[in-house]
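Beneath this line is the structure, given in structure tokens, with notes to follow.
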Amino acid sequence: MKKIATFLMACGLMHAHYSNAQDIVVQVHKPQAVIQPNMWGVFFEDINLAADGGLYAELVKNRSFEFNAPMMGWKELKKEGSSAASLVVNRSAVDDNNPRFIRVKINDEKDAYGLQNEGFRGMGIHQGEQYNFSVWANASAGKNMRLRLELINEQGKEIGNASLSLDGNKWKKYAVSFPSNATAEKAKLNVWIEGTGTLDLDMISLFPQHTWKERPGGLRADLVQLLADLKPGFIRFPGGCIVEGKELVNRYQWKKTVGNVEDRKLIINRWNNEFAHRSTPDYFQSFGLGFFEYFQLAEDIGARPLPILNCGMACQFNSAEVVAVEEIDPYIQDALDLIEFANGGTESKWGKLRADMGHPAPFNLQMMGVGNEQWGSQYVERYKLFAKAIKQKYPSIQLVNSVGPFPDGDLFNFLNDTLRSLHADILDEHYYRSPEWFLQQAKRYDSYDRNGPSIFAGEYAAHTKLTDEAIKKNNWQSALAEAAFMTGLERNADVVKMASYAPLFAHAEGWQWAPDLIWFNNLKSYGTPDYYVQKLYTNNVGTRVVPALMNNAVIGGADSLYASASINENSHELIIKIANVSAVKKTKNIVADGLKKLPKEISVTMLASDNVAGVNSFDQPENIKPAQVTVVPSKNLIPLKMKPYSFYVLRMKM
Ligand code: AHR
């Protein structure tokens, strides 16, 4: 307390400005809850082609022929009458992780044979960029074998090419890099095989050379940039229901996602056939984006890693299969080993793997989720075993626990009560509800137990009814409701320690779930209005909550206004967030009670649109985006003129 008092004095804070009951009074001199610096984060799940076909920049779909239908995504190219042919061979006895490859047999030098890959809804190719092709090949039973590569655009015109000579060696990796001379959103790759005899091919891959941090085989730079711009406090991965799998056999197992990419065993993506109306039969998980890459991504964007692990339960909306309690040890061991992978010394088994993959320094894992949207006593039974083992070996690791898929009702109440009685660390609440619900719930956490577990608003999004068109669901109505609701999260930062909008990414032609924070196609990406709301929170974080009051009460809907305020003790700033969710403009005087002197001018960030159905799009990616306005204080008052449907962030030096 003494420290705060000294700080306030140093900032020249004092009491007693006269104000009108209708004014917004920010009590700068009454710092309250500490705001976690990592409070606002992001939720990543491989849904909507977020990983393969999205963030993971691989352009070839089904590069190692491991999809259920081995030739899915591929087409044979051959001349009429040609006797050249191919065969998918399975060698699971010697390589169970990557069992299949393709064997091409050409009898006559004139019978060129090709394989065409369609990419993920086509391949996004940019003019002037360099592309890295690689392949594993065994040409030992061929003569003069070579590959001729062609990138073709939508009209079949060649926009890039390269050649590769294959020597007679057994399995070997070959690579070549070549430029593209045109842009195409839906290019295809032709791999022509020339020579005679038999050629075996596997892991046929094409990446843009330009990736995030220019890492070979890396992530799509524009998508990571959007994340980096958010400056998220944490990144939750890999989901979501993907953690659970529809059945246990297809649960997410982190150990199968690390090491050489060739050895990461592909499985189906649970969103492949989850929704009949959005069936995505070509949705699998290659795990090119695996747990090492997730940790690296977290580090790159300055976010704390928050892995969520399977707790021995498959999705309860699907099979609801659980592992027998007597057989849960391997699941718990996975959790313990993950901590070693992230934090262990390089002499430890899993720490060594991390080092071998290029990261000897620890990833500083501090928290981990046990299960995703689980419910019932079967969860409690399994969670207890996880908690006991993890806390025993790693007492400082904070555990995130499920309170089910809904924010209320029997499932929620049971786990909420039970986990509180077990003194759980962090409860993970999920809500996909209407914008109206979000507004009504702005005071949700005002009455939560201050001494109970912390809350992680782990998945939330306002689902509008203004449109049925998926890509238009991220409209201003939903974003503004979230902005208003989030003032309630910030006000209750002593209880709500973390929050993340969900889901994060959606491919415009490959989505299963909407709304989503960021939409992309093969060439472009944009942040939705919801993205900009998140950004205004992540980029304007205080260190302590201060009261923001109207008529001496918190501002959580009165007069259609929602507000929160904080001070940042490091930058010596006061930060005020206010949403006006009404259709009329409002003028409010803000009194910074305790602030001796106001700046001459205050730069205010405004996010507003008079069209609640307004959206951003590929053509108008910044239709709704933050704008700067200046407010000139008058004496000790800040007169804020708010537009209809608007959200303001005021930031001023103290
Ligand atoms: O975010 C999409 C899905 O919603 C998540 O996978 C799941 O946890 C929730 O039901």
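Per-structure values
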{"quantity": "Verdict on ARG236 being under 20 Å from the mean Cα position of the chain (by Cα), within 16 Å of the ligand (Cβ to nearest atom) and part of a loop (DSSP other than H, G, I, E, B)", "calculated": "no"}
{"quantity": "Subset of segment 18-64 that is over 19 Å from LEU650 (Cα atoms) and in a strand (DSSP E or B) - its residue that is farthest from the ligand (Cβ to nearest atom)", "calculated": "VAL34"}
{"quantity": "Extreme residue, nearest to SER92 (Cα to Cα), among residues of segment 269-289 that are in contact (Cβ under 8 Å) with a residue 12 or more places away in the chain and surrounded by fewer than 18 Cβ atoms within 10 Å (Cβ to Cβ)", "calculated": "PRO281"}
{"quantity": "Residue selected from segment 563-572 under the condition assigned to a strand (DSSP E or B) and among the hydroxyl-bearing types (Ser, Thr, Tyr), by the criterion nearest to ASN38 (Cα to Cα)", "calculated": "SER566"}
{"quantity": "Breaking point among (1) closer than 20 Å to GLY614 by Cβ; (2) touching a residue at least 40 places away in the same chain (Cβ under 8 Å); (3) touching a Ser or Thr at 6+ places or on another chain (Cβ under 9 Å), for GLU436", "calculated": "(3)"}
{"quantity": "Restricting segment 392-416 to residues that are more than 16 Å from the ligand (Cβ to nearest atom) and hydroxyl-bearing (Ser, Thr, Tyr), the residue that is surrounded by the fewest Cβ atoms within 10 Å (Cβ to Cβ)", "calculated": "SER396"}
{"quantity": "Total residues in segment 82-93, condition within 36 Å of the chain's Cα centre (by Cα) and in a loop (DSSP other than H, G, I, E, B)", "calculated": "2"}
{"quantity": "Where a residue in segment 242-258 is in the same structural domain as ASN273 (by TED's automatic domain parsing) and of a type in the set (Ser, Thr, Tyr) and its partner, wherever it lies, is in a helix (DSSP H, G or I) and within 16 Å of the ligand (Cβ to nearest atom), with Cβ under 8 Å and at least six apart", "calculated": "TYR252/ILE242; TYR252/VAL243"}
{"quantity": "Boolean, GLY351 is away from the ligand (no atom under 16 Å from the Cβ) and over 21 Å from SER500 (Cα atoms)", "calculated": "yes"}
{"quantity": "Some residue of segment 369-391 being surrounded by 18 or more Cβ atoms within 10 Å (Cβ to Cβ), among the hydrophobic types (A, V, I, L, M, F, W, C) and within 18 Å of PHE295 (Cα to Cα)", "calculated": "yes"}
{"quantity": "Which numbered condition PHE618 fails, given (1) in contact with a strand residue (DSSP E or B) (Cβ under 8 Å, 6 or more places away or on another chain); (2) farther than 27 Å from ARG544 by Cα; (3) surrounded by 15 or more Cβ atoms within 10 Å (Cβ to Cβ)", "calculated": "(3)"}
{"quantity": "One residue from PHE292, PHE341 being buried (at least 23 other Cβ atoms within 10 Å of the Cβ) and either away from the ligand (no atom under 16 Å from the Cβ) or in a helix (DSSP H, G or I) (or both)", "calculated": "PHE341"}
{"quantity": "Residue in segment 498-521 that is nearest to the chain's Cα centre (by Cα), counting only those that are more than 13 Å from the ligand (Cβ to nearest atom) and either β-branched (Val, Ile, Thr) or surrounded by fewer than 24 Cβ atoms within 10 Å (Cβ to Cβ) (or both)", "calculated": "ILE518"}
{"quantity": "Any hit, segment 483-501, residues being under 19 Å from ASP229 (Cβ atoms), aromatic (Phe, Trp, Tyr), touching a helix residue (DSSP H, G or I) at 6+ places or on another chain (Cβ under 8 Å) and in contact (Cβ under 8 Å) with a residue 60 or more places away in the chain", "calculated": "yes"}
{"quantity": "Segment 164-198: number of residues that are more than 18 Å from LEU115 (Cα to Cα) and of a type in the set (Phe, Trp, Tyr)", "calculated": "2"}
{"quantity": "Per-region count, segment 441-457, residues away from the ligand (no atom under 16 Å from the Cβ) and touching a Ser or Thr at 6+ places or on another chain (Cβ under 9 Å)", "calculated": "1"}
{"quantity": "Residue that is of a type in the set (D, E, K, R), surrounded by fewer than 20 Cβ atoms within 10 Å (Cβ to Cβ) and modelled with pLDDT of 95 or more, where the choices are ASP428, ASP449", "calculated": "ASP449"}
{"quantity": "Given (1) part of a helix (DSSP H, G or I); (2) charged (D, E, K, R); (3) within 16 Å of the ligand (Cβ to nearest atom), number of the condition GLU429 does not satisfy", "calculated": "(1)"}
{"quantity": "Candidates ASP222, ASP229, ASP200 - the one that is away from the ligand (no atom under 16 Å from the Cβ), in the same structural domain as TRP171 (by TED's automatic domain parsing) and of a type outside the set (A, V, I, L, M)", "calculated": "ASP200"}
{"quantity": "Selected residue [of a type outside the set (A, V, I, L, M) and modelled with pLDDT under 95] from SER82, SER64, SER86", "calculated": "SER82"}
{"quantity": "Selection from segment 458-468 of residues that are small (Gly, Ala, Ser) and either away from the ligand (no atom under 13 Å from the Cβ) or in a loop (DSSP other than H, G, I, E, B) (or both)", "calculated": "ALA462"}
{"quantity": "Candidates GLU194, GLU214, filtered to the one that is away from the ligand (no atom under 16 Å from the Cβ) and without any contact (Cβ under 8 Å) to a residue 24 or more places away in the chain", "calculated": "GLU214"}
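This table checks each residue for (1) of a type outside the set (A, V, I, L, M); (2) over 23 Å from GLY240 (Cβ atoms).
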| site | (1), (2) |
| --- | --- |
| HIS359 | yes, yes |
| PHE363 | yes, no |
| GLN366 | yes, no |
| GLY371 | yes, no |
| TRP375 | yes, no |
| TYR383 | yes, no |
| ALA387 | no, no |
| ILE390 | no, no |
| SER396 | yes, yes |
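For (1) more than 23 Å from ASP52 (Cβ to Cβ); (2) part of a strand (DSSP E or B), each residue gets a yes or a no:
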{"site": "GLY124", "(1), (2)": "no, yes"}
{"site": "GLY128", "(1), (2)": "yes, no"}
{"site": "ASN132", "(1), (2)": "no, yes"}
{"site": "VAL135", "(1), (2)": "no, yes"}
{"site": "ARG146", "(1), (2)": "yes, yes"}
{"site": "TYR174", "(1), (2)": "no, yes"}
{"site": "SER177", "(1), (2)": "no, yes"}
{"site": "ASN181", "(1), (2)": "yes, no"}
{"site": "LYS186", "(1), (2)": "no, yes"}
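Condition check ((1) in contact with a strand residue (DSSP E or B) (Cβ under 9 Å, 6 or more places away or on another chain); (2) closer than 12 Å to ASN132 by Cβ; (3) not aromatic (Phe, Trp, Tyr)) across all residues:
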position: LEU166; (1), (2), (3): yes, no, yes
position: PHE178; (1), (2), (3): yes, yes, no
position: GLY195; (1), (2), (3): yes, no, yes
position: ASP200; (1), (2), (3): yes, no, yes
position: HIS210; (1), (2), (3): yes, yes, yes
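The values are calculated or read from the model by the stated rules, or taken from the named source; none is laboratory data. Because the structure is predicted, anything quoted here is derived from the model rather than measured. So basically every Cβ, Gly included, is an ideal-geometry build from the backbone, and we count neighbours across all protein chains shown.
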